[in-house]
Amino acid sequence: MVRFSLVRRRQVSLPTIAGWLLLAGIAVTLSVFAGLCIHPYLAANAPVPGTRLLVVEGWLEPKELDQAIAVFKNGRYKQLVTTGGPIERWPELFPARNYADLAAAYIRKQGLEDAAVTAVPAPASAQDRTFLSAVKLRNWMKQQGPGFDSLDIFSGATHARRSRMVFRMALGPNVAVGIISSRPQQYDEDHWWRTSAGVKSVIGETISLVWTVCCFYPPPQGSHEERWAVPREGSS
């Protein structure tokens with residue numbers, strides 16, 4: 001006679017009290033290590049030696065733009081370019097229609113010569129905003145002719161590493177891309193977990209960086225999808 005059973009007994013090994021304490025200790029150690037290292041990792045600082053071009057992301061706050069101006073003045077840079085897309089929230093409160101022009105106007109008011117500051121705005125798009133800003137910068141660099149084979153990006157704290165990654169995707173292997181991150185204004189970068197602003201910044205940018213690494217693939221250069229992130233109507 002054949003007997004059928006829907007369950008069967010198995011032996012399962014569980015940690016002892018000492019084992020649970022060891023696992024808890026490992027978890028705490030990893031958490032402390034992550035807390036100390038994740039912000040410096042995201043807020044990368046690795047400028048390219050000898051580059052003459054500083055690219056400033058235009059969505060930065062005024063105090064962060066002040067830091068970018070100090071970097072430009074204290075460095076060997078000859079040209080400053082601001083990037084950024086349309087200002088979609090409260091446009092009636094801003095004198096410019098996009099962040100690139102807004103940041104360029106602010107920087108000029110702080111004493112930089114007009115000839116040294118150029119705004120390269122990006123249009124509205126379904127594409128990643130940082131990527132499209134990098135694409136527009138690449139097109140501007142081509143219009144200027146040869147000579148731009150390296151640059152430094154000035155970005156906001158935890159956004160810095162992802163900015164460098166995305167700009168590298170858009171600019172290609174022939175352009176060396178460095179990065180300089182701003183000092184955060186709303187929280188202490190050494191104790192970011194103590195404020196909601198720090199936690200939101202670190203967790204949000206960590207998720208965005210993971211998504212960029214795993215899920216973002218730049219379309220072919222010059223294609224419709226590179227600008228809009230969707231195929232052209234009627235195309236296969």
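The values are calculated or read from the model by the stated rules, or taken from the named source; none is laboratory data. Just so you know, these numbers come straight off a predicted model, no measurement behind them. Backbone-built Cβ (ideal geometry, glycine too); neighbour counts: all protein chains shown. For the accessible areas, the whole protein counts, side chains as well, though only heavy atoms, and no ligand, DNA or RNA atoms are used. Shrake-Rupley method; radii C 1.70, N 1.55, O 1.52, S 1.80 Å.
Can I get the semi-axes of region 88-163's equivalent ellipsoid? Compute them from the C-alpha gyration tensor as square roots of 5 times the eigenvalues, in angstrom, largest first.
On the way: eigenvalues 84, 66, 38 Å².
In descending order, the three semi-axes are 21, 18, 14 Å.
Largest first and to the nearest Å, give the Cα extent of the chain along each principal axis.
Taking the Cα atoms of the chain, the three principal extents are 90, 51, 40 Å.
Mind checking the dipole of the chain: about its Cα centre, +1 per Lys or Arg Cβ, -1 per Asp or Glu Cβ, Debye to the nearest 20?
Result for the chain is approximately 860 debye, rounded to the nearest 20.
Between T212, G25, Y41, whose Cα lies farthest towards the positive end of the dipole of the chain when Lys and Arg beta carbons carry +1 and Asp and Glu beta carbons carry -1, centred on the Cα centre?
Positive-end residue among those listed: G25.
Could you tell me the accessible area of E61 in Å² (1.4 Å probe, neighbours in place), rounded to the nearest ten?
Counting only protein heavy atoms, E61 exposes about 110 Å² to solvent.
Quick one: compute the contact order of the chain, relative version, from alpha carbon pairs under 8 angstrom and 6+ residues apart, as a percent. Don't skip to the answer; put the middle values down first.
Working: 347 pairs, mean separation 52.4, N = 236.
That works out to 22 percent.
Using Cα springs under 10 Å in a Gaussian network model of the chain, which residue among A115, A96, A46 shows the largest mean-square fluctuation?
A115
With each label point set 7 Å from Cα along the Cα-Cβ vector, what nm distance links C215 and L6?
3.8 nm
Rounded to whole Å, give me the distance from the Cα center of region 156-215 to that of region 12-27.
35 Å
Select from F148, G178, A134 the residue farthest towards the positive end of the dipole of region 123-203; place +1 on Cβ of Lys and Arg, -1 on Cβ of Asp and Glu, and compute about the Cα centre.
The Cα lying farthest towards the positive end belongs to A134.
Taking the Cα centre as origin and putting +1 on Lys and Arg beta-carbons and -1 on Asp and Glu beta-carbons, what dipole magnitude results for region 38-80, to the nearest 20 debye?
Approximately 320 debye in magnitude.
What does DSSP give for the chain in terms of the percent of beta bridges that are antiparallel, rounded to the nearest 5?
Percent antiparallel among DSSP bridges in the chain is about 10.
Using a Gaussian network for the chain with springs between C-alpha atoms less than 10 Å apart, which of these wobbles most: S125, S13, S182?
It is S13.
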